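A short write-up of the structure that comes next.
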Amino acid sequence: MKKILLVLVVIVSLFAIGCEDRSELTPPSPPSTGSVSFEKFVTLGNSLTAGYQDGALYESAQMYSFGKLIADQVGAAFEQPIVADPGTGGRLEVQSITSSGIVLYTNPNTGTPKNSNLNRPYNNLGVPGAFLYDIANATSSTTCYSYVNGGPANPMFDLVLRGLGSQLAQAKSLNPTLVTLWIGNNDILGHATSGAMVPYTPTTTFAALYTALANELAGTGAKVVVANIPDVTSIPFFTTVGPLLYSQNIPYVWAVRGVGDTVPVNVLTNYITLKALQLPLGTGATKSNPFPNSVVLDSLEALNVKNVIADYNNTIASIAAAKGFGLVDANKLLNQARAGLTVNGIRFTTQYVTGGLFSLDGVHPTNRGYAIVANEFIKVINEKWGANIPLINVATIPGSLQLHKLYNKLGVPVLPPGALDNLLF
C-alpha cells in the first residue's frame, strides 16, 4: 500500500511541475549563425550531397542529407527533389535474415517525385553521378559528362535540374548566401570501381575546372564551404571481400590483369570490390575461372588512385585558401573512421554495414554517417564565420543497431546478381 501511495505522490508531483506557470522563463536563444546567412542556402555536388543511400535516392534517406541536417539545425528552409520511398529504383534492402546469413535484394519498385512542380530551383542541387565538369555544364541526362563520353544517359540530372539550367546556373539564380560544394569524387571513383578500366579526370583538367567553378562561386558574394575527396580505397566497396576471403583461408585468387593475363592476386595487398560477391560461387578459385579485371584494383593501380586524389585535394585546398572558402577535410574524417570513431557514445568504423557509417551499397553513408558529415561542415562554419550552431546529436538520428548486431553475427550479406551494376556515385 505504501508503494502505491508513493507512486501516486510522484505522479501528482510531476503533474504539478508540468502545470507550473513558466511564462516568465527565458526561452533558449536560437543558434547564432555569425556572419553567415542561411536565408538562401544551396548545396552543390553529387550523390553524397543528394543524400543517396543503398543504391537509390529515396525520401526517408533524403531527410538526412547533410545539407538538410545543417538547415534543420538553424531552422532554414531547404527544398530537395524528394522521391517517395522506395525511391529511384534498384534500392538495396534486406530480403531475409536466416541462420545461414543475410540476403539482400534490389527493390524493383519506384517512387514518384513529390515536389517536381516547385517554382524555383531546389536548395539541394546535388545530382547522383555528377562529375566536376557537370556542375557548370550539364543541364540534362544527355549533356552530362558520362553521356557525352560514351556512357548511358543519367536521368538523375532531369530529376534534379528539371531543364532549368546547370547546378551552377540554378544556384546563381537563387542569389545564394551560403553554398556548399562537394565534388570530384566521381572523377576518380569510377576509375577505381571499374578496376582502373574507366579513365579518370586528368589532374590538370581537374584544376582548370575547379578554378573556373570557384571563380563563379566567389562572384556570387556567398559564403562558400568546400569539401575535399576521401581516399576511395578506404570504403567498404573495396575493403570487404579481401579480408573475407583471407578469413576463409584463401590468401590468393585468380584474376585477369593487364592485357588479358590471368595471374594469382594477393587478397590483402590488392582490392577486390563488392561486385565480386555478385559473381557465381567459385569464381576466382582457379586459373580457368578467374575474376574479371573489372572487380580487382591491384596495388599499383590503387597507389595511382591515391596519388590522383592527393593532387585533387591539393588543388581544392589551394583554391579554398585563395578564395577564402571554408574547407571540410573529408579525407581526414574517413581516415579517422578507419581506426574507429566514437560520436555521441556510438562507435563507428568503416566495416561494411556493421560499422554503422556506410549503407548497403558500400559507398554511401547511412543516416548517421551523413549526420557526422554535416557536423564537419558545421564545425567549419562555426570556426570561420563566428557562428555557434550546435552540432547534431548523432545518437538521435535513426540507425539500425539491432541489424548491425545481426550482421556481426552472420557476416557479409549475400548480394543478388547485378545489384551494384547501376550504382551511382
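Provide the net charge surrounding residue 90, with neighbours chosen by a C-beta distance below 15 Å and charges set as Lys +1, Arg +1, Asp -1, Glu -1.
Values: positive: 91, 275; negative: 54, 85, 93, 361, 421.
Taking every Cβ under 15 Å from that of residue 90, the sum is -3.
Could you order peptides 359-365, 237-243 by the average number of other Cβ atoms within 10 Å of their residues, highest first?
Values: 359-365: 25.7, 237-243: 22.3.
Going by the mean number of other Cβ atoms within 10 Å, highest first, we get 359-365, 237-243.
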Query raised in the report: Once amide H atoms are placed 1.01 Å from N in the peptide plane, what residues at a sequence separation of 5 or more from residue 34, or on another chain, have their amide H within under 5 Å of its amide H?
Result: 388
Query raised in the report: Which whole-number percent of Cα pairs in the range 332-389 have a distance greater than 19 Å?
Result: 31 percent
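How big is the Kirkwood radius of the chain, worked out from every pair of different alpha carbons and given in Å to one decimal?
On the way: mean 1/r = 0.0436 Å⁻¹.
Mean inverse Cα-Cα distance, inverted, gives 23.0 Å.
Using helices alone, what [θ] at 222 nm do you get for the chain, with -39,500 (n - 2.57) per DSSP H run of 4 or more residues, divided over all residues and rounded to the nearest 500?
On the way: 16 runs with 156 residues, N = 425.
Result for the chain: -10500 deg cm²/dmol, rounded to the nearest 500.
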Query raised in the report: How much length is gained if the chain between residue 109 and residue 262 is pulled fully straight, taking 0.36 nm per residue apart and subtracting their Cα-Cα distance, in nm to one decimal?
Result: 51.1 nm
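Rounded to the nearest 20 debye, what is the charge dipole size of the range 273-340 about its Cα centre when +1 sits on each Lys and Arg Cβ and -1 on each Asp and Glu Cβ?
Values: 6 positive and 4 negative charges, 24 e Å.
In total the dipole reaches around 120 debye.
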Query raised in the report: Of the beta bridges DSSP finds with both residues in the chain, what % are antiparallel, to the nearest 5?
Result: 55 percent
Requested in this report: Would you please give the FRET efficiency between residue 72 and residue 339, computed as 1/(1 + (r/R0)^6) with r the Cβ-Cβ distance and R0 = 45 Å, to the nearest 0.05?
Outcome: 0.95
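Want the number for residue 98 to residue 32: 0.36 nm per residue separation, take away the alpha-carbon distance, what's left? Show your work: numbers first, answer last.
Values: separation 66, 0.36 × 66 = 23.76 nm, distance 4.99 nm.
Stretched out fully, the residue 98 to residue 32 stretch lengthens by 18.8 nm.
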Report summary line: One quarter of the C-alpha convex hull surface, i.e. the mean projected area of the range 80-200 in nm², amounts to 9.5 nm²
Query - Signed unit charges on C-beta, dipole axis of the chain, positive-most listed residue 304, 284, 112 - result: 284
**Report entry** Potential lengthening between residue 322 and residue 250 on full extension [0.36 nm per residue; Cα-Cα distance subtracted]
**Finding:** 20.9 nm
Query raised in the report: In debye, nearest 20: dipole of the chain around its Cα centre with unit charges on the Cβ of K, R (+) and D, E (-)?
Result: 640 debye
Requested in this report: Just grab the label-to-label distance for residue 211 and residue 164, each label 7 Å out from Cα along the Cβ direction, in nm (one decimal).
Outcome: 3.2 nm
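Read-outs: derived from the displayed coordinates by stated rules, not from any lab. Predicted, not measured: the structure shown is a model, and the values here were computed from it. Note that we place each Cβ from the backbone using ideal geometry, even for glycine, and neighbour counts take in every protein chain shown.
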